[in-house]
Amino acid sequence: MDDRFEADPLEALCARLCLLTRAAWRGGLPAPMSRARVRRLYEARKLCALALREPPPETDADVERARALLSRTRDMAELVGRLKKRGYRALLPEEKGYPRELDAIGRDAPMFLFLRGNVGLLSRKRRVAVAGSRVIGEKTEALARWVGERMAWENIVMVSGGARGVDETAQRALLRAGGKLILVPAVEEERVLCDGLLRRALEEGRLLIVCDDLPDAGFSARRALGRNHVIYALGRAALVLAAREGAGGSWRGASDSLRGGFAPVFVPEGSGENPDQLGCRALLALGAGTFSPSDGRSLACQLSLCRAAARKAEAGF
């Protein structure tokens, strides 16, 4: 992001909410736009004018569509005020404190974030994403608990999507052991905070909720898949504990991360021995590294050494 975007953060945020979400929706409006399409409008210097001054003379389809969607700007300003009262802070890519790791996602990177909780967790260098299938066996469940507990003991911040299966098992083990969590949910806040463990972590400053959509947006396949890139990019490394080859969000997020360079990916040593880890074995062929609970080194050390060898870069742990 640069000076092609609006100077006023609230005005910029309201414009993006109008263009990208269905908040304050009413009949007759065109469908919201994609992030890539909105970026093109900004780059053409059309959207700044639409949001701040009289519309420019261009009458192409995207401009007309944006003009209709921006009619809800006042409603969005009221919505932002309500979210602020609930403890949410909005953050734009051009503002200080925005996690620059998300730039690696490219044109589909979030154009705004809503944050609630300990924002300082975003500046912690020891951050690791944990992901995996929703349906897992006993061995993978035990591994997820070990990962959560180990990360808490080593003071590594976990980044998770909170889905059932690997995500939920690992993050609950982490929080019970006193660890810290960055949660990127695919469901509305009300469902997230039904969990007493998460509510307590929020109160104690051990949780940050990161929304790349409106906090009250319900579940959708598009939202769930889109936030996978955010999870991987926010982690300095990613542990994938279970996956189905070629299918599901865990596979797609991990394979996209390896191809796009969002974060180095690691899978359990010996992947393929358990049916729910067959996709992990396939990730090795795409360049994933390995970790093991039986390794005498710390988890942070395992990831940093593998990362240095694979990337020929500083480990950062």
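In table form, for the structure just shown:
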item	result
Condition met for GLY249 (over 23 Å from ILE105 (Cβ atoms), at pLDDT below 80 and either surrounded by 15 or more Cβ atoms within 10 Å (Cβ to Cβ) or over 24 Å from the mean Cα position of the chain (by Cα) (or both))	no
Residues satisfying the stated conditions in region 81-90, i.e. in a helix (DSSP H, G or I) and touching a strand residue (DSSP E or B) at 6+ places or on another chain (Cβ under 9 Å)	LEU83, LYS84
Members of region 220-238 found to be among the hydroxyl-bearing types (Ser, Thr, Tyr) and either surrounded by 24 or more Cβ atoms within 10 Å (Cβ to Cβ) or at pLDDT 90 or above (or both), listed by number	TYR232
Residue satisfying condition, being within 24 Å of VAL157 (Cβ to Cβ), among the basic types (Lys, Arg) and modelled with pLDDT under 90, within set ARG259, ARG244, ARG297, ARG281	ARG297
Failed item, numbered, when LEU115 is tested on (1) touching a Gly at 6+ places or on another chain (Cβ under 7 Å); (2) at pLDDT 95 or above; (3) not aromatic (Phe, Trp, Tyr)	(1)
Candidate set from region 256-281 (those that are in contact with a helix residue (DSSP H, G or I) (Cβ under 6 Å, 6 or more places away or on another chain) and in a helix (DSSP H, G or I)); member that is nearest to PRO110 (Cα to Cα)	SER257
Lone unmet requirement of (1) surrounded by fewer than 24 Cβ atoms within 10 Å (Cβ to Cβ); (2) of a type in the set (Gly, Ala, Ser); (3) without any contact (Cβ under 8 Å) to a residue 40 or more places away in the chain for SER257	(1)
Enumeration of residues in region 29-45 that are surrounded by fewer than 19 Cβ atoms within 10 Å (Cβ to Cβ) and not in a helix (DSSP H, G or I)	LEU29, PRO30, ALA31, PRO32, SER34, ALA44, ARG45
Candidates GLY161, GLY178, filtered to the one that is among the small types (Gly, Ala, Ser), out of contact with any Leu (no Cβ under 7 Å at 6 or more places or on another chain) and surrounded by fewer than 15 Cβ atoms within 10 Å (Cβ to Cβ)	GLY178
Meets criteria (more than 14 Å from CYS211 (Cα to Cα), at pLDDT 90 or above, of a type outside the set (S, T, N, Q) and surrounded by fewer than 20 Cβ atoms within 10 Å (Cβ to Cβ)) for ARG127	no
Spans of helices (runs of 4 or more DSSP H) in region 138-199 with at least 1 residues closer than 16 Å to ASP212 by Cα	189-192
ALA24 vs. criteria in contact with a Leu (Cβ under 7 Å, 6 or more places away or on another chain) and modelled with pLDDT of 90 or more	no
Selection status of LEU69, modelled with pLDDT of 90 or more, surrounded by 20 or more Cβ atoms within 10 Å (Cβ to Cβ) and more than 25 Å from the chain's Cα centre (by Cα)	yes
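Let's see how each residue does on (1) modelled with pLDDT of 90 or more; (2) of a type in the set (Gly, Ala, Ser); (3) touching a strand residue (DSSP E or B) at 6+ places or on another chain (Cβ under 7 Å); (4) not assigned by TED's automatic domain parsing to the domain that holds LEU202:
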| position | (1), (2), (3), (4) |
| --- | --- |
| GLY28 | no, yes, no, yes |
| SER34 | yes, yes, no, yes |
| LYS46 | no, no, no, yes |
| PRO57 | no, no, no, yes |
| THR73 | no, no, no, yes |
| LEU79 | yes, no, no, yes |
| LEU92 | yes, no, no, yes |
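Results for (1) touching an Asp or Glu at 6+ places or on another chain (Cβ under 6 Å); (2) under 15 Å from LEU283 (Cα atoms), shown as yes or no for each residue.
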{"residue": "ILE209", "(1), (2)": "no, no"}
{"residue": "PRO215", "(1), (2)": "yes, no"}
{"residue": "TYR232", "(1), (2)": "no, yes"}
{"residue": "GLY235", "(1), (2)": "no, no"}
{"residue": "ARG252", "(1), (2)": "no, yes"}
{"residue": "VAL265", "(1), (2)": "no, yes"}
{"residue": "GLY270", "(1), (2)": "no, yes"}
{"residue": "GLU273", "(1), (2)": "no, yes"}
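The values are calculated or read from the model by the stated rules, or taken from the named source; none is laboratory data. None of these values were measured; they are calculated from a predicted model. Cβ sites come from the backbone with ideal geometry, for glycine too, and all protein chains shown count toward neighbours.
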